[in-house]
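So the structure is just underneath, and the comments pick up after that.
The values are calculated or read from the model by the stated rules, or taken from the named source; none is laboratory data. Just so we're clear, the structure is a prediction, and the values are computed from it rather than from any experiment. Reconstructed Cβ throughout: ideal geometry from the backbone, glycine too, with neighbour counts over all protein chains shown. Ligands, DNA and RNA are stripped out before the accessible areas are found, and what is left, the full protein with its side chains, is counted by its heavy atoms. Shrake-Rupley method; radii C 1.70, N 1.55, O 1.52, S 1.80 Å.
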Amino acid sequence: MSDKATSSPSIHMHRVSMAALLVTIGIVFGDIGTSPLYVMKAIMGGGEAMADAGYVTGAVSCVIWTLTLQTTVKYVLIALRADNRGEGGILALYSLIKGSRRRWIYVLAAIGAAALIADGVITPAMTVTSAIEGLRDLSPSAPVLPIVLGIITAIFLVQRLGTKTIGRFFGPFMLAWFLMLGVLGSIQIPACWAILEAFNPWHAVNLLIHYPGWFLILGAVFLCTTGAEALYSDLGHCGRRNITISWIFVKIMLILNYLGQGAWIISRGSGYDHSVNPFYAVMPEWFLPAGILMSTGAAIIASQALLSGSFTIFSEAMSLDFWPRLRIKYPSTVKGQLYIPLINWFLYIGCLVTVLLFRTSSHMEAAYGLAITVTMLMTTVLLALYLHHKGVALWLTGVFAFIFITIEGAFFVANMFKFIHGGWFTVLIAGIVCAVMIVWRKASVIRDSFITFNDFSRYFPILSAIRKDREIPMYASNVVYLSRGTDPLQVESKLIYSIINKQPKRADHYWIIRVDFTDNPYTLEYERDILIPGVLTSFRFSIGFRIQPRLSVYFRQAVEDMERDGLINLTSSYPSLREHNIPGDFRFILIHRIFSQSSECSPRDRMLMNIHARLRRMEPNAGKIFGLDTSSLKIEDVPLIINNRSSRRITRVERIAPLTGE
């Protein structure tokens, strides 16, 4: 008997409204919106940069067309349409195509996600430092470093509280921020109307052809689009139409500010001071304190958005078997908001090290950008595979891939020139995270391939006999096992061994729970198979990768459905308890497989499994992972023996002479 129930809400399309657009501006564009703080400063500070009109106009043209091609065309017009039931981001994109025959694509997803995490480490340090350095325009002796460390510490400390209360201010604040950018840029454009020629892409091409330090220029220009990936990652929070419409306003304000900074630089001519940050220089002196406060607030909001995105990436990675399962907290009822304590402190330490290692935003610029370039390249490849998977013409997919791999490849080469000056730092962080993801994934595949399954129906008579055997002490009224099987009639041999051989477990009812973490982010439904009426039932819970796996709650609801339908009687079988209608107890059992050193496997597989075993120490109690009541949970350790090569068998030898006794 099999039936299916569902409690998953349908994913609604985000409606366009002024309130929704305001929320979108507040949570999506923080990273890309703070780029004017440092982009022009980085462009003018690289190589033998001169403040002549040709150089500056070409640089601003590069910025305008990078924002247009990378952000508008690739992400807003193309990537936002590649949604996984309303969710975006590189792991959601991977989920859409992981069923294809290209088994290697998980490596691309791991590399891209790891690089995005590395960007999440350095971005808070970069944006906050750039904002606070404006204090030096007020007082050259301002203690920038301690203030930066204090703000970053506060950002990470409040993560466990969530942002439900302060989050409502993000939209209005960022709206004011972008309006400030546009106004400050607009009032500077009259200083050099020729800067408007930057809209002509020929000036960008001319700059890259005639200036020998083009790779340094491109490395700095790329910083203007580092937040583009966040537009795709936040698709599930705001919806495609809200992001698209909001981006029109945001892009206009950003371009106005870049034009204003460029006009101001050209107007200074040979008197331009490369140590000055053009972002603060375009502000009237009386407005500078307010501008620094606004910049600091925007930097904090950008950092908050990146941290929330990092938590989401790790949550998705756990569900997709890219990362050990960690404890996840939900500090508020806001959709998609979560908090992972271990990851929070990992990112915090990374930010502190970044600030203390590089100390100034100018030095951080060298470390910034390389990792996100890698993420964008991986997204481009996965998008091309997705377009092909959706039936888009091969030539059109090829044109898309060629254009953006060429653009991002050029940015990647440009950023690689900064490797020894700081790019190594983000590569190191991304490399560590990526290595963990790939090792965990490959080891999990190896582990799963050596879990043996038996035909459950063969053991139904034994199970019924154990239930009636009064010589076997009652283990619990209800015994619940978690199984990795996909078929209700196929169950792990170790699970059968636990019920029948290890310690015969007599119970009134046996329950098997199978958990399927789906590609649909908000799925929450179950299937029910009654294998032995009144004795043995199998549940299959389908849980989206954005849903907290609270199995105790979902299991209780499923059992209550059965009791309501008259399919089960949960009253205890003990006469004294039955007399008073006391329900029976439940006992959950988890089979914990431990890699056995007696396994006969290749050195490579042994290394992967040993690393996997060490990484599992990061995981909390298995009951907390699945939301089980730990007071009624028993974890049984069993050896996982991997034999992928023939083992030598011991040989018995005959004695030459028989033993003699006295």
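Numbers at a glance
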{"item": "Total formal charge among the other residues, if their Cβ is under 11 angstrom from that of LEU489, Lys/Arg +1 and Asp/Glu -1", "result": "-2"}
{"item": "Heavy-atom surface of segment 487-643, accessible at 1.4 Å and reported per residue (Å²)", "result": "45 Å²"}
{"item": "Helix 53-66 vs. the chain, principal-axis angle (Cα, 0 to 90°, nearest 10)", "result": "30 degrees"}
{"item": "Estimated [θ] at 222 nm from DSSP helical runs (n ≥ 4, -39500 (n - 2.57)) normalised by residues in the chain, nearest 500", "result": "-16500 deg cm²/dmol"}
{"item": "Euclidean distance of C-alpha centroids, segment 234-304 and segment 588-607, integer Å", "result": "54 Å"}
{"item": "Crossing angle, helix 551-564 versus the chain [Cα axis fit, 0-90 degrees, rounded to tens]", "result": "50 degrees"}
{"item": "Alpha carbon centroid spacing (whole Å) that separates segment 19-46 from segment 490-509", "result": "58 Å"}
{"item": "Relative pair counts by distance (%), Cα atoms of segment 408-538, 5 Å bins", "result": "2, 8, 13, 15, 11, 10, 8, 7, 5, 5, 5, 4, 4, 2, 1, 0"}
{"item": "Neighbourhood net charge (12 Å Cβ-Cβ; Lys/Arg +1, Asp/Glu -1) for MET607", "result": "+3"}
{"item": "Distance between segment 74-120 and segment 181-214 - C-alpha centres, whole angstrom", "result": "34 Å"}
{"item": "Largest-first principal axis extents of the Cα set of segment 142-261 (Å)", "result": "52, 41, 29"}
{"item": "Convex hull per residue volume in Å³, alpha carbons only, for segment 362-475", "result": "207 Å³"}
{"item": "Share of carbon and sulfur in the accessible heavy-atom surface of the chain [1.4 Å probe, %]", "result": "62 percent"}
{"item": "Cα-based reach from LYS329 at 26 Å (exclusive), listing lysines while leaving out same-chain residues under 8 positions away", "result": "LYS164, LYS624, LYS634"}
{"item": "Of ILE472, THR518, LEU357, farthest towards positive along the dipole that unit charges on Lys, Arg, Asp, Glu beta carbons give the chain", "result": "ILE472"}
{"item": "Degrees separating the helix 105-132 axis from the principal Cα axis of the chain, which is the longest one", "result": "50 degrees"}
{"item": "Amide H partners (placed H, <5 Å) of GLN490, local residues excluded", "result": "PHE456"}
{"item": "Where trypsin sites (Lys or Arg not before Pro) in DSSP loops with at most 12 other Cβ within 10 Å are excluded, longest remaining stretch of the chain", "result": "471-644"}
{"item": "Per-selection Rg to Rh, segment 94-162 - Cα, Kirkwood hydrodynamic radius", "result": "1.26"}
{"item": "1.4 Å probe accessible area per residue over segment 79-192, in Å²", "result": "39 Å²"}
{"item": "Percent antiparallel among DSSP beta bridges (both partners in the chain, rounded to 5)", "result": "40 percent"}
{"item": "Around PRO639: net Lys/Arg minus Asp/Glu count, Cβ-Cβ under 10 Å", "result": "+1"}
{"item": "Å² per residue, accessible surface of segment 418-470 at 1.4 Å", "result": "51 Å²"}
{"item": "Among MET609, TRP193, MET376 the positive-end extreme of the charge dipole of the chain (Cβ point charges)", "result": "MET609"}
{"item": "The chain: relative contact order as a whole-number percent, Cα under 8 Å and 6+ apart", "result": "20 percent"}
